[in-house]
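Inspection log for the structure reproduced underneath, given as structure tokens.
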Amino acid sequence: MAIPYYHVDAFTGELFAGNPAGVCMLSAFLSGPTMRAIAAENRHSNTAFVVPRVDGDFDLRWFTPLVEDDLCGHATLASAYVLTLLQHAAWPVRFHTRSGVLTVTRERDGFELDFPAMPAQPCDTPAGLLPALGLDTAHVMKSRVYLVVVDDAAQVRALSPDIAALAKLDIGIAGAIVTAPGVGDVDYVCRFFAPAVGIPEDPATGSIHCTLAPYWAGRLGKQVLRAQQLSARGGSMRCTIAGERVKISGSARLYLQGTIEL
């Protein structure tokens with residue numbers, strides 16, 4: 001069985017940056033264990049599996065190297081990019097997922113994802129979280145993920161977390177964002193760690209802006225924000241608040257295409 005496969009760098013306009021995602025184009029979903037095994041073999045943060053529907057939309061599932069994911073931005077962006085390579089003509093594209101219908105629109109220099117807003121709420125700081133991140137103090141909130149807010153971008157860039165300790169914490173499977181105000185034309189910066197699902201550090205993450213954008217929009221009084229992820233590969237996004245939705249924009253580049261042989 002030959003599966004068309006694409007390796008796409010998402011949230012970047014350059015190769016060898018952003019977040020690598022695998023995209024598998026299927027006529028029907030494979031078994032869950034098989035898709036999980038493919039994702040583990042790929043070793044990307046997420047591999048997307050895309051199936052066309054009879055109504056012209058697409059079904060979309062995401063797998064980390066360990067689990068099926070509920071929401072993934074960069075692999076959704078990568079899937080939309082692959083559809084352009086396949087000359088898909090009907091835009092916006094609608095993906096049916098575990099997080100509802102997600103719409104992707106083509107833009108002049110990339111794509112805009114329409115995702116649900118997930119504002120963070122006050123919470124108690126989990127024991128061990130800040131030491132595992134290498135932080136003494138921070139403001140901690142929670143939505144789908146923990147949101148850890150520090151004072152400046154240099155702190156975020158300099159983080160050297162204890163990934164093994166993070167993986168052992170009782171913080172659920174979604175992980176922790178560390179964020180701070182940006183500099184220059186960047187409104188905020190971030191890094192994201194989710195070792196419990198096989199992602200020690202995600203290079204450039206879309207879904208976390210469902211939480212980050214509402215937080216920084218409220219703090220900065222802006223509806224359109226520019227974000228930068230300060231991982232080693234780096235990533236750039238533009239986020240727009242639209243009621244209970246967040247529009248997340250970014251670019252992508254193809255690195256590799258071929259077939260997976262099962």
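The values are calculated or read from the model by the stated rules, or taken from the named source; none is laboratory data. Bear in mind the structure is a predicted one, so any value in this text is a computation, not a measurement. Quick reminder, even Gly has a Cβ in these numbers, built from the backbone with ideal geometry, and neighbours come from all protein chains shown. Surface areas here come from the heavy atoms of the whole protein model, side chains and all, with no ligands, DNA or RNA. Shrake-Rupley method; radii C 1.70, N 1.55, O 1.52, S 1.80 Å.
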*Please enumerate the residues belonging to the stretch 1-15 that are more than 13 Å from residue 111 (Cα to Cα), outside any strand (DSSP E or B) and hydrophobic (A, V, I, L, M, F, W, C).*
1, 15
_Long-range neighbours under 8 Å by Cβ, at least six apart or interchain, first residue free of Cβ contacts under 8 Å to residues at least 40 places away in the same chain within the stretch 147-160, second assigned to a loop (DSSP other than H, G, I, E, B) and crowded, with 16+ Cβ neighbours inside 10 Å_ = 148/135; 148/138; 150/135; 150/138; 155/135; 159/135
_In the stretch 247-262, residue farthest from residue 39 (Cα to Cα) [restricted to those that are in contact with a His (Cβ under 6 Å, 6 or more places away or on another chain) and among the aliphatic types (A, V, I, L, M)]_ = 248
*Looking at (1) over 23 Å from residue 232 (Cβ atoms); (2) surrounded by fewer than 15 Cβ atoms within 10 Å (Cβ to Cβ); (3) within 16 Å of the chain's Cα centre (by Cα), can you tell me which one residue 60 breaks?*
(2)
_I need a count of the residues in the stretch 123-153 that are of a type in the set (Asp, Glu) and under 22 Å from residue 183 (Cα atoms)._
2
_the stretch 111-149, subset buried (at least 17 other Cβ atoms within 10 Å of the Cβ) and hydroxyl-bearing (Ser, Thr, Tyr), residue nearest to residue 166 (Cα to Cα)_ = 146
*Could you tell me which residue of the stretch 245-262 is most open to solvent (accessible area, probe 1.4 Å), considering only residues that are more than 17 Å from residue 14 (Cα to Cα) and of a type in the set (Lys, Arg)?*
245
*At least 3 residues that are closer than 21 Å to residue 129 by Cα and touching a helix residue (DSSP H, G or I) at 6+ places or on another chain (Cβ under 7 Å) in each: list the helices (runs of 4 or more DSSP H) lying fully within the stretch 150-262 that qualify.*
163-168
*For residue 43, work out the one condition from (1) within 19 Å of residue 197 (Cα to Cα); (2) over 18 Å from the mean Cα position of the chain (by Cα); (3) open to solvent by 50 Å² or more (accessible area, probe 1.4 Å) it doesn't fulfil.*
(2)
*Could you list all residues from the stretch 63-105 that are among the aromatic types (Phe, Trp, Tyr) and either open to solvent by 30 Å² or more (accessible area, probe 1.4 Å) or under 15 Å from the mean Cα position of the chain (by Cα) (or both)?*
63, 81, 91
*Out of 175, 198, 206, 182, report the one residue that is at pLDDT 95 or above and either buried (at least 24 other Cβ atoms within 10 Å of the Cβ) or on the phi > 0 side of the Ramachandran plot (or both).*
206
*In the stretch 209-244, which residues are open to solvent by less than 20 Å² (accessible area, probe 1.4 Å) and on the phi > 0 side of the Ramachandran plot?*
234
